[in-house]
Amino acid sequence: MKKIAILNGPNLDRLGKREPEIYGRATLRDLEKRLRVEARTLGVALTFFQSNHEGALIDKLGELADRRYAGIIINPGGLSHTSIALRDSIAGTAIPTIEVHISNIRRREPFRRKSMTAGACAAMICGQGLPGYVRALRRLAKS
């Protein structure tokens, strides 16, 4: 069975509480339930990981590479705009990775419009809310 990891970065553990006018009222647990249902229909196994710490995300990416995951969906949160180390770690996995952002970073504050990490990813989906994760999962399941 194809294994796909869902990684969420800083503040995504606060979904449903933090700025619901931007990120909605659904929680990270709600997202995970939704993705588990979709994964069953697609016949893939999911692993979930969230951390507010850059190094923990980098360590997890290395672990996923060593365990030969078939795909990664990552929402690096604010680290997407600042972290060359995270970008290098994504690139170093050689695993097809899709970056997801709940809000449309291209229409937000100027400092959010550029993603340092997206260049290491096969694609970026932004501005579609939680359904963006489902879209990424479907794409990775087919590849």
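Answer with yes or no whether ILE4 is touching a Leu at 6+ places or on another chain (Cβ under 6 Å) and in a strand (DSSP E or B).
yes
Checking the structure you have, find out if any residue of the stretch 82-94 is modelled with pLDDT of 95 or more, closer than 14 Å to ALA141 by Cα and outside any helix (DSSP H, G or I).
no
Residues GLY62, GLY78: which one is touching a residue at least 40 places away in the same chain (Cβ under 8 Å), more than 17 Å from GLY132 (Cα to Cα) and assigned to a helix (DSSP H, G or I)?
Matching residue, one of GLY62, GLY78: GLY78.
Can you list residue pairs whose Cβ atoms sit under 7 Å apart, with the first residue in the stretch 10-37 being closer than 19 Å to ILE73 by Cβ and the second being of a type in the set (D, E, K, R) and part of a helix (DSSP H, G or I)? Count only pairs 6 or more apart in sequence or on different chains.
Listed by first residue and then by second, the contacts come to LEU28/ASP13.
Which of the residues spanning the stretch 23-44 are loosely packed, with under 14 Cβ neighbours inside 10 Å and either more than 17 Å from the chain's Cα centre (by Cα) or in a strand (DSSP E or B) (or both)?
Within the stretch 23-44, ARG25, VAL37, ARG40, THR41, GLY43 meet the criteria.
Kindly indicate the residue of the stretch 66-81 that is crowded, with 16+ Cβ neighbours inside 10 Å and over 13 Å from the mean Cα position of the chain (by Cα) and also nearest to LYS142 (Cα to Cα) among those meeting that condition.
Ranking the qualifying residues of the stretch 66-81, first place goes to ALA70.
Could you look through the stretch 127-143, keep only residues that are surrounded by fewer than 21 Cβ atoms within 10 Å (Cβ to Cβ), within 14 Å of the chain's Cα centre (by Cα) and free of Cβ contacts under 8 Å to residues at least 60 places away in the same chain, and pick out the one that is farthest from PRO76 (Cα to Cα)?
ARG139
Which residue is nearest to HIS81 (Cα to Cα), if the candidates are limited to the stretch 99-122 and must be among the β-branched types (Val, Ile, Thr) and part of a loop (DSSP other than H, G, I, E, B)?
That would be THR117.
Name the single residue that is surrounded by the most Cβ atoms within 10 Å (Cβ to Cβ) among those in the stretch 92-118 being aliphatic (A, V, I, L, M) and under 15 Å from LEU79 (Cβ atoms).
Taking the candidates together, the pick is VAL100.
The values are calculated or read from the model by the stated rules, or taken from the named source; none is laboratory data. Worth saying up front: this structure is predicted, and the values here are computed from it rather than measured. For neighbour counting, all protein chains shown are included, and Cβ atoms are generated from backbone atoms with ideal geometry for every residue, glycine included.
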